[in-house]
Amino acid sequence: MKYNIAAFLPEFFLLLTVITAILAELFRSRATPKTFYTIAKTGMIAAFLASVVFYNQTPLPGYYENNAHITLFKGVVYVLSGSCMYLSLKWFLGLDRPSFAFYLLVLLSVLFLTAALSAVNLAVMFAFLTAAFALNIFFMCLDEESFTAARRLVGTVLAVIVLVIFGLTEIYMQTGSLNFDKVAAMYVSSPLNGRAYSAGAALLAVVFLMLGAAPFHLWQYETAEKGILPAVCFINTVPVFIYFAVLVKLAGSLLAPVYMTMYPAVLGFALLSVAVGALSANGESNLRRLFVCIRVFVVGVVLAALGKYSLNNVFGSFVYLLVSLLALIGIHTVFYGLKSKGVYLKQLQSISGVAESKPYLAAAMLFFMVSLLGMPPLLGFLGILSVTNVLVSTGAYAVIAAVLFGFLVMAAAYLRVIRVMYFDGRSVLFDRTDRGIYLMLAINIILVLILLINPRFLLTDIEKLLF
Amino acid sequence: MVPYLLLITIMPLVGMIFVFTAKDNEKTKGRNVLNVAILTVGMNLFLIVRALNLIKPGYGNLQLSESYNWINTPQINLSFGADSFAMLLIFGVHLAVLIGMWGVRNAARGQKPRMVFVLLFLSMINGFFMAADIFSFFIFFEALLLPLYMMVGMFGEARRRNNLFRFMLYNLCGAFLLFAAIVVLYNHGEKNLLLGGIKNLHLGSAGETAVWTAIFIAFMSRIPIWPFHSWIASVNSGIKDPLVFISANIMPLTGIYGFMRFWPKTVPDTIVLQVAVLEVISVITMLFIALIAWVNRDIRYKIFSFASIYYIFFLLGVFLPTDQILLNVGYSLFACLLIFASMEVLVSYQLSEQSSKNLSAGGILSSMPKMSKAFSFMMLAGAGFPLSAMFINNFVIMAGLMNYSLVSALAAAAALLLISVTLLQELYRRKDEINPVSALSLKDKAKDISGGDLFFMTAVGVILLLSLFNPVWFMKG
């Protein structure tokens, strides 16, 4: 029993950190971004350590449980959030802006997302997921420029709420409970009727929307373009892992029959995402929107690799997602270093010739983009290899052809960015880059190199944790 | 045992890191990075010669095998192995790059990125030539593209960047096709399939056609053959930097080498058509390029044509159903690489003199006696005179071709003859004294190359001459 309560420690630490941050904002007269960063960092480290120590303890059986698989995803989220927070500190210090709201939102977001992952009750899971998604509205309210994006996000969040309520109500009316065991039993034992199917499909659609798969991807563009850089960096990278984990949970056990019936539609979403991501990336001149396109593309490939769901498929798609997000975080880190006269650069043309004056930043960007392209010997190759290998083993040759063609179209977009950075002349004078940015880039690149030289950490050890 | 092959692959990467972090400013003017790069290539040459002396001469029997487990799921090893053919190519490529480095030693800007990417290119091409299994082969095959794209993009002609972009996409398309074919082969055969084992796989008629067609297109994408030759020509002949020009023109070698390692000697029925089509297209392309080179005034285009025509000629040799001729192809390729690299460096110098002093090409060599000697040697060797290994070995390859298909051989011979005439014509134009040199003031005359340059070119000439008498003079026995 003692252990069971202790298993709530990660969430407790996060909650405590939220309260501490609020108290600091209220009562500390000189609370700077460093103050909030230190508080948030401490809470995040404590939560991470606690979740590792109690990785397989279940605090509330029937509602909330942990296992190695869940802890892996939580660990990744803590680490990624920590790096996002560190980078954002540089941004807030540089612009001398208040940071309390941002750190509070990050902490709450991480709390909700990790809680959703541990939930074994559909209502609890979707309540937390929806709450975390709704926080995006507040992320958009951090800046006056992004108010319009916030208003539009309200509509998306309302759509999510309606779908969630509809799905949960329908399932509850048929099973009398929203516990995973009972819901799974209902879907497996009884033939799939129209109401059960539409309820399951509604919940899956919610996850696709949160993941940003086409055609539910539009909300991301304005968020990325108008939001402040720290918010964009966080929203674009960290929650994706949790949404993916939730999708795996739903597709693999809870809503497996619905997912299997929906498979042609899922494949359609996947290929549409690949096509939309790749084609729109080629026509995009705004860097942040461009990287939303990349995210849509990545999600498309992940869904295509997930296929009809098998453990191999999950593993292949997870590896691809992980290496892609590492590269995306690297690219966002580079964005923190691209500044001219105090303004962070957003347009592709504004970074022309960056290789001349910022060779290390340009080299890092090149490194991550080539990795995203799946070009060997960089880490992205392992991602594309995992995906292609699972697709070949399932005989999905047409899907491979479509995905590889998507990669080729995407390559055109990456080459365009490389061309602007390296081949074109310099158009602006870049500001001095903070050493912390270089430090984060070095850490990211070293991590990637370690995984590259010894991919067993990524492939074998994680496979053991997953299965 | 010393892992020579791994060291030969890694050494340029290590050098690249040193170059990347080396100080390069107004004061050093790129000297630091150039010295580090030359030192790296020199050290690697030492390792290559050592490895060459450890292997038995011959083609096909991969020796000094090394295998490193990289991934367990799916199981992928990085396997290396080399025969004297592969090592000969690596040796030739290193010498060509060294000649290129000599050519850019006084470059005013961009020495650091140039050396970083050329060393990366060198590392990848070494891995490519020594890859012993399908995945290692693919990894290096695709990885070569990035340094090349970066070098040509940064130091090539700005007006031709759209062509470079298309060329790169076309090559990536080929690489993705090869990737798909390799993953299919991997899933159908034993894991870590060695290159020699591909021909023994049976995938069924449809599978075989699909896989071999993908492989065919992948390797074709690297060779300046119709219908995509104009992109390669436009990109490569527009490069004004000798080192980048040499690197870019080494690229087609990867396509030929790919065919050499993958293509089965006994061609399956499913791909007989592709081989026939390739043969016809190759011969037509050779003639076509030779004709354009003949009428084109741009000397860089002529050098590009020289290299391309010989590459296609060697490709025809590769398709002959005997392994014996492949060693002759290797010997000839070695000499060809050195000749076109030297030609490019010398031409680059002449063009810079022409442009800075507003001189015409006609008779420019008459005021440059040292340059004239070096350039004449290289042009004559390129034209097929008995000055290098190309002389005898080209005859052997041609004899093999004639034995196989007389029409193709005659057409190929016509193309070779035409490009030789083109080179001699250009040499004559540059040596012919239209305006007496004595009539020009000293500042208007083209400045000759230094004694050091002549010494360097003499050393290259000696290597070429040695290759005429014994193509593997640097090997024991």
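Rule-based calculations on the coordinates, nothing more; no lab input. Computed from a prediction, not measured in an experiment: that's the story for all the values here. Cβ atoms come from the backbone with ideal geometry, glycine included; neighbour counts cover every protein chain shown.
Sort A:C233, B:C173 so the one with the fewest other Cβ atoms within 10 Å of its own Cβ comes first.
B:C173, A:C233
Using the number of other C-beta atoms within 10 angstrom as an exposure proxy, rank A:I5, B:I292 with the fewest first.
Fewest-to-most ranking of A:I5, B:I292: A:I5, B:I292.
Give me the dipole magnitude in Debye, nearest 20, for the protein assembly as shown about the Cα centre, with unit charges on the beta carbon: positive for Lys and Arg, negative for Asp and Glu.
Value, rounded to 20: 1840 debye.
Take the Cβ-Cβ distance between A:Q349 and A:E145 as r, set R0 to 25 Å, and report the resulting FRET efficiency rounded to the nearest 0.05.
0.75
Could you size up the charge dipole of region B:269-477 around its Cα centre, putting +1 on the beta carbon of Lys and Arg and -1 on that of Asp and Glu, and report it in debye to the nearest 20?
The dipole of region B:269-477 has a size of about 620 debye.
Treat every Asp and Glu Cβ in chain A as -1 and every Lys and Arg Cβ as +1, leave all other atoms uncharged, and give the resulting dipole magnitude about the Cα centre to the nearest 20 debye. Write down the numbers at each step before the final one.
Numbers: 29 positive and 18 negative charges, 119 e Å.
Computed about the Cα centre, the dipole is about 580 debye.
How many times 2.2 N^0.38 Å is the alpha carbon radius of gyration of region B:66-109?
1.88
Could you give me the ³J(HN,Hα) list for region B:62-71, computed from phi with Karplus coefficients 6.51, -1.76, 1.60 and θ = phi - 60°, whole Hz, x at Gly and Pro?
6, 10, 6, 4, 9, 9, 10, 5, 10, 10
Would you give the gap between the C-alpha center of region A:392-444 and the C-alpha center of region B:91-138, rounded to a whole Å?
23 Å
Inverting the mean 1/r over all pairs of different Cα atoms, compute the Kirkwood radius of region A:1-118 and quote it in Å.
Here the Kirkwood hydrodynamic radius works out to 14.6 Å.
When averaged across all projection directions, what area in nm² does the alpha-carbon convex hull of region A:119-466 cover?
17.0 nm²
If one takes the longest principal axis of the Cα atoms in chain B, at what angle in degrees, from 0 to 90 and to the nearest 10, does the Cα axis of helix B:134-143 lie?
30 degrees
Give me the percent relative contact order of region B:60-175, please, defined on Cα pairs under 8 angstrom at least 6 residues apart.
In percent, rounded to a whole number, it is 24.
Which order results if B:K373, B:K199 are arranged by neighbouring Cβ count within 10 Å, fewest first?
Going from least to most buried by this count: B:K199, B:K373.
Just going by the charge dipole of region A:119-466, with Lys and Arg at +1 and Asp and Glu at -1 on Cβ, which of A:L372, A:F139, A:G200 is farthest out on the positive end?
A:L372
Can you give me the distance in nm between label points at B:M1 and A:Y397, each placed 7 Å from the Cα along the Cα-to-Cβ direction?
That separation, rounded to one decimal, is 3.9 nm.
Could you run the Debye sum over the Cα atoms of region B:307-445, one equal point scatterer each and no solvent, and tell me log10 of I(q)/I(0) at q = 0.09, 0.12 Å⁻¹, two decimals?
The Cα Debye sum returns log10 ratios of -0.34, -0.55.
May I have the pair-distance distribution P(r) for chain B, computed from all Cα-Cα distances with 20 Å bins from 0 and rounded to whole percent?
All Cα pairs considered, the percentages come to 24, 59, 15, 1.
For the pairs B:K302/B:K373; B:K27/B:K373; A:K226/A:K358, note any where the Cα-Cα span goes beyond 23 Å.
B:K27/B:K373; A:K226/A:K358
Once R0 is set to 41 Å, what does the formula 1/(1 + (r/R0)^6) return for the Cβ-Cβ distance between B:F469 and B:E208, expressed as a FRET efficiency to the nearest 0.05?
With a Förster radius of 41 Å, E is 0.35.
Residue farthest toward the positive end of the dipole of chain B, with Cβ of Lys/Arg at +1 and Asp/Glu at -1: which of B:N394, B:P147, B:G174?
B:P147
Taking the Cα atoms only, what angle lies between the long axis of helix B:406-431 and the longest principal axis of chain B, rounded to 10 degrees?
20 degrees
For A:K339, go through the aspartates and glutamates and keep the ones whose alpha-carbon is under 17 Å away, minus same-chain ones fewer than eight residues off.
A:D96, A:E225, A:E356, A:D431, A:D434
Mean shadow of the protein assembly as shown, computed from the convex hull of its alpha carbons, in nm²? Please report the intermediate quantities before stating the final value.
Details: hull surface 165.5 nm².
Quarter of the Cα hull surface area: 41.4 nm².
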